1. Please give the FRET efficiency for Ala432 paired with Leu376, using the beta carbon to beta carbon distance and R0 = 60 Å, rounded to the nearest 0.05.
2. Hey, how many Å between the Cα centroid of the stretch 137-160 and the Cα centroid of the stretch 366-403?
3. Could you go through the stretch 157-173 in sequence order and give the Karplus-derived ³J(HN,Hα) for each residue, using 6.51 cos²θ - 1.76 cosθ + 1.60 with θ = phi - 60°, rounded to whole Hz, and x for Gly and Pro?
4. Using amide H atoms built 1.01 Å from N in the peptide plane, name the residues 5+ places from Leu211, or on other chains, whose amide H lies under 5 Å from its own.
5. To the nearest 20 debye, what is the magnitude of the charge dipole of the stretch 161-204 about its Cα centre, counting +1 on the Cβ of each Lys and Arg and -1 on the Cβ of each Asp and Glu?
6. Would you mind working out the magnitude of the charge dipole of the stretch 379-473 relative to its Cα centre, with +1 at each Lys and Arg C-beta and -1 at each Asp and Glu C-beta, to the nearest 20 Debye?
7. What are the ³J(HN,Hα) values, in whole Hz, obtained from phi via the Karplus relation 6.51 cos²θ - 1.76 cosθ + 1.60 with θ = phi - 60°, for each residue of the stretch 268-274 in sequence order, with x given for Gly and Pro?
8. Taking the stretch 139-193, which GluC sites (Glu not before Pro) meet the DSSP loop condition and have no more than 10 other C-beta atoms within 10 Å?
Amino acid sequence: MELLAQAGWRDALDVGLLALMLSWLYGRLRQSRALGIAMGLAFVAIVALAARETGLLLTGWVLQGTLAIVALGAVTIFAPEIREALLRANPLRALVGRGRDSSHAGLERFARAAFALGSERIGALVVFERREAVASHAQAGIRLDAEASEELLVSLFQKTAPTHDGAVIVRAGRVERAGAVLPLSERADLPSAYGTRHRAALGLSELCDALVLVVSEERGAVSLVSRGRLTTLSGPAALASRLRAELSGGGDALPGARASLLSGWQARLVILVLVALVWMGMRSGGVSSMSVMVPLELGDLPDGTELVEFQPERVRVQVSGAERVMEGLDLTQIRVRADVGDLPPGTHSQPIPIAAAVLPTGVRADSIEPSTVRFLVDRVETRELPVVVVIRRDGKRFASRRLSSEPAVVRVVGALSRLAGLEAVYTETIDAPDLARGTVRAALELPGTLRLAPGEPERVTVSDPAQGGEQARLGR
């Protein structure tokens with residue numbers, strides 16, 4: 001209850017956002033076997049964490065090593081699910097649509113073709129890809145990517161066709177591949193009447209969520225196979241209706257899924273509770289603190305003013321949080337930024353509030369030292385100043401006013417206090433031999449935070465019209 005009383009809106013957003021993401025992911029994987037793999041990995045992770053927390057070092061070490069090995073192959077294991085999730089997460093899909101026929105377009109064509117083949121005792125095998133990819137289970141085949149039609153389907157399964165004994169793969173309503181070889185089921189309880197096609201249909205449905213249409217060559221019966229279960233249909237209308245229901249998400253899910261508590265809103269509630277428990281576990285652990293020196297940033301200056309100087313430039317921040325959070329704390333994420341506010345030019349002093357500390361989630365600031373900052377705000381002005389050329393001769397540097405520059409005057413912008421003692425803008429040092437050979441391009445050098453006004457050149461053209469003259473020594 002104390003943790004809940006201390007929770008803020010960021011904590012609620014943190015828990016809610018993660019629960020929403022996991023709920024969405026569960027909805028995508030609920031009817032796929034990838035959910036079972038993910039649940040198994042989660043169980044191993046929980047056991048490994050519990051073993052580490054209870055001091056079972058050997059068990060925890062073995063399970064963590066197992067998780068590390070499995071994590072390396074996670075991209076391969078969940079490749080179809082990752083691809084599907086990224087496609088569904090694309091925000092442009094809602095604006096531009098899929099751009100192709102939906103997965104249940106023209107299902108009447110498949111139904112009519114299936115019963116036409118059955119009436120002629122011609123066997124057929126049609127695979128409708130759903131959420132899980134079929135490519136990793138189906139071998140060989142001829143790539144077609146053709147629009148489905150009754151004539152095309154009937155011709156692909158004619159006994160004289162090279163694709164007669166293979167399967168047709170349908171993806172997004174199009175015939176993607178023909179003549180594919182499917183894995184056979186190894187179940188020993190199948191009736192003797194089931195031939196190779198039925199075993200192939202059952203074998204694929206045991207490995208993924210594909211819906212398989214099979215036509216018996218001996219009996220002419222038309223059946224649908226999903227999740228290892230076979231259903232025989234009576235006519236084209238019944239088949240088309242069943243195809244539409246299955247491919248639109250209304251078909252049977254995993255065995256027992258409808259009776260499971262992890263369905264619908266119950267699943268979302270369980271996920272929310274689990275995420276909240278993890279959050280409480282992270283926040284209820286031991287608390288640790290540390291002291292960090294960070295730069296002080298001042299911002300939100302009034303228009304037309306400039307920050308000339310401030311003290312201190314660095315402050316010490318005492319931060320604290322749960323041990324699990326502090327162990328992985330990135331110190332570069334800690335900053336202290338105080339707003340100056342609408343203050344007139346001059347010297348000011350104001351406190352540094354605790355809220356000025358910018359911290360990662362789960363970390364709080366206990367104190368800031370020193371707690372007061374003193375700063376000088378000055379008005380920004382623009383002045384025209386002459387350009388003076390700096391030249392090096394015989395190892396000595398001089399500021400020469402006899403040398404000419406183009407332009408001879410530039411406009412400089414900066415704080416009034418910094419402009420007050422500036423009488424000229426000096427160029428970078430030019431070697432006398434270089435100037436003797438003609439004109440030289442030299443950069444202008446400005447002290448401190450002074451800067452050239454917009455449109456002013458950063459370099460000037462220097463020349464020596466007299467080729468000599470008196471020079472005022474600037475110093476080495």
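Rule-based calculations on the coordinates, nothing more; no lab input. The shown structure was predicted, so the numbers you read here are calculated from the model rather than taken from an experiment. Cβ: placed from backbone, ideal geometry, glycine included. Neighbour counts: every protein chain shown.
1. Numbers: r = 41 Å, r/R0 = 0.68.
After rounding, the FRET efficiency stands at 0.90.
2. So the separation of the two Cα centres works out to 80 Å.
3. Ordered by residue, 3J(HN,Hα) equals 10, 5, 4, 8, 7, x, 9, 4, 8, x, 10, 9, 9, 10, 10, 6, x Hz.
4. Long-range HN contacts for Leu211: Phe128, Arg130.
5. Numbers: 6 positive and 4 negative charges, 35 e Å.
Rounded to the nearest 20 debye, it is 160 debye.
6. Details: 15 positive and 13 negative charges, 39 e Å.
Dipole of the stretch 379-473, to the nearest 20 debye: 180 debye.
7. Coupling constants for the stretch 268-274: 5, 5, 5, 4, 4, 5, 5 Hz.
8. Working: sites: Glu147, Glu150, Glu151, Glu176, Glu186; in loops: Glu186.
Within the stretch 139-193, the qualifying GluC sites (Glu not before Pro) (loop, at most 10 other Cβ atoms within 10 Å) are Glu186.
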